[in-house]
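Q: One structure, pasted below without further comment.
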Amino acid sequence: PKYVPMVAEYSDVIQIGARNMQNYELLKAVGRMEKPVLLKRGMSATMTEFLMSAEYIISEGNPNIILCERGIRTFVEYSRNTLDLNVVPAIKNISHLPILVDPSHGTGRKDLVGPLSLGALAVGADGLMIEVHPRPETAFSDADQTLDAMEFKKLMLKITDYVEWQQHYQQQEIPVSS
């Protein structure tokens, strides 16, 4: 917490990682800053615990919070975590806070990043956080979940197509038969 003012001086957004989601002194310290805070959900945190961590920040005067769903621990062994897309519409129903989804950390598998990015947008995510590196195989960490530039470009084309379709579909009136 003592370094928060220095970090805030040089940062546009302060990120609180999943392992610090319940570091209440840190949450209070960033709550006293005027910088936006990206709050990542802890892998064992319930939705209520996640939102209560955001409340610690708000209670100190900083309402500029962006939530980030990045996977929870389950019994699934296929992926590092299970991306909890259920939490996106649930939070949007009870909170005013925007929520991003991180399919890279949420699964730990780059082959799942694309489908779960589209799924996140379908359930109402306000944005995505996707890990990209020019040469993932040489990255210091997280190579298995990191897209290279071409993979990211292809995904962005799919996302653009999906968003355009979604906007067009939402503008249409759908007749309801009795």
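Q: Considering only lysines 8 or more places apart in sequence, or on different chains, count the pairs in the chain whose C-alpha atoms sit under 21 Å apart.
A: Eligible lysine pairs with Cα atoms under 21 Å apart amount to 9.
Q: For ILE65, which sequence-distant residues (separation of 5 or more, or a different chain) have an amide H within less than 5 Å of its own amide H, given hydrogens modelled in the peptide plane?
A: VAL37
Q: Another question, then. Please label the shape of the stretch 23-87 as rounded, prolate or oblate, based on the square roots a ≥ b ≥ c of the eigenvalues of the alpha-carbon gyration tensor (a/c under 1.5 means rounded; beyond that, a/b larger than b/c means prolate, else oblate).
A: Values: a/c = 2.80, a/b = 2.57, b/c = 1.09.
Prolate is the answer for the stretch 23-87, as a/c is 1.5 or above and a/b outweighs b/c.
Q: For the stretch 109-178, what log10 I(q)/I(0) values come out of the Debye formula at q = 0.14, 0.15 1/Å, with one point per alpha carbon and no solvent?
A: -0.52, -0.57
Q: Using a 1.4 angstrom probe on the protein heavy atoms only, could you order LEU157, LEU67 from most to least accessible area?
A: LEU157, LEU67
Q: If you don't mind, another one. Can you give the % of DSSP beta bridges in the chain that are antiparallel, to the nearest 5? Each step should come with its number before you reach the end.
A: Numbers: 1 of 14 bridges.
So the antiparallel bridges amount to about 5 percent of the total.
Q: Could you tell me the largest-minus-smallest coordinate of the C-alpha atoms of the chain on each of the three principal axes, in descending order and whole angstroms?
A: 55, 51, 35
Q: Which net charge results for the neighbourhood of LEU121, defined as the other residues with beta-carbon distances under 12 angstrom from its beta-carbon, given Lys and Arg at +1 and Asp and Glu at -1? Present the calculation step by step, with values, prior to reporting the outcome.
A: Values: positive: LYS158; negative: ASP126, ASP161, GLU164.
Charge balance in the 12 Å sphere: -2.
Q: Tell me the accessible surface of LYS154 in square angstrom (1.4 angstrom probe, heavy atoms of protein chains only), to the nearest ten.
A: Near enough 120 Å² of accessible area.
Q: Tell me the accessible surface of GLU151 in square angstrom (1.4 angstrom probe, heavy atoms of protein chains only), to the nearest ten.
A: Taking all protein chains as shown, GLU151 has close to 60 Å².
Q: Check each of the GluC sites (Glu not before Pro) in the stretch 1-51 and keep only those in coil by DSSP with at most 14 other C-beta atoms within 10 angstrom; list them in order.
A: Counting only loop positions with at most 14 other Cβ atoms within 10 Å, the GluC sites (Glu not before Pro) in the stretch 1-51 are GLU34.
Q: Hey, another quick one. Taking a probe of 1.4 angstrom, what is the accessible area of GLU60 in Å², to the nearest 10?
A: Result for GLU60: roughly 70 Å² accessible.
Q: Give me the percent of accessible area attributable to carbon and sulfur for the stretch 1-139, probe 1.4 angstrom.
A: Numbers: 3950 of 7270 Å².
C and S atoms contribute 54 percent here.
Q: Relative contact order for the chain: what is it in percent, counting Cα pairs under 8 Å that are at least 6 residues apart?
A: 14
Q: Separate question: What is the local net charge at LEU27, summed over the other residues whose Cβ is closer than 15 Å to its Cβ (Lys, Arg +1; Asp, Glu -1)? Spell out each step's value before the answer.
A: Details: positive: LYS2, ARG19, LYS28, ARG32, LYS35, LYS40, ARG41; negative: GLU25, GLU49, GLU55, GLU60.
Once all neighbours under 15 Å are counted, the net charge is +3.
Q: How high is the FRET efficiency between TYR24 and SER177 when r is their beta carbon distance and R₀ equals 30 Å, given to the nearest 0.05?
A: So the FRET efficiency works out to roughly 0.05.
Q: While we're here: Chymotrypsin sites (Phe, Trp or Tyr not before Pro), restricted to the stretch 90-176: which are DSSP loop and have at most 14 other Cβ atoms within 10 Å?
A: In loop regions of the stretch 90-176 (DSSP not H, G, I, E or B), the sparsely surrounded chymotrypsin sites (Phe, Trp or Tyr not before Pro) are PHE140.
Q: Does anything in the stretch 63-83 have its amide N under 17 Å from the 7 Å Cα→Cβ label point of ASP144, and if so which residues?
A: 71-83
Q: Whole angstrom only: what separates the Cα centroid of the stretch 69-104 from the Cα centroid of the stretch 4-53?
A: The two parts, judged by their Cα centres, are 17 Å apart.
The values are calculated or read from the model by the stated rules, or taken from the named source; none is laboratory data. The structure presented is a predicted model; accordingly, all values stated were derived computationally and were not measured. No Cβ is skipped: glycine too gets one built from the backbone with ideal geometry, and neighbour counts run over all protein chains shown. These area figures cover heavy atoms from the full protein model, side chains too; ligands, DNA and RNA do not enter into them. Shrake-Rupley method; radii C 1.70, N 1.55, O 1.52, S 1.80 Å.
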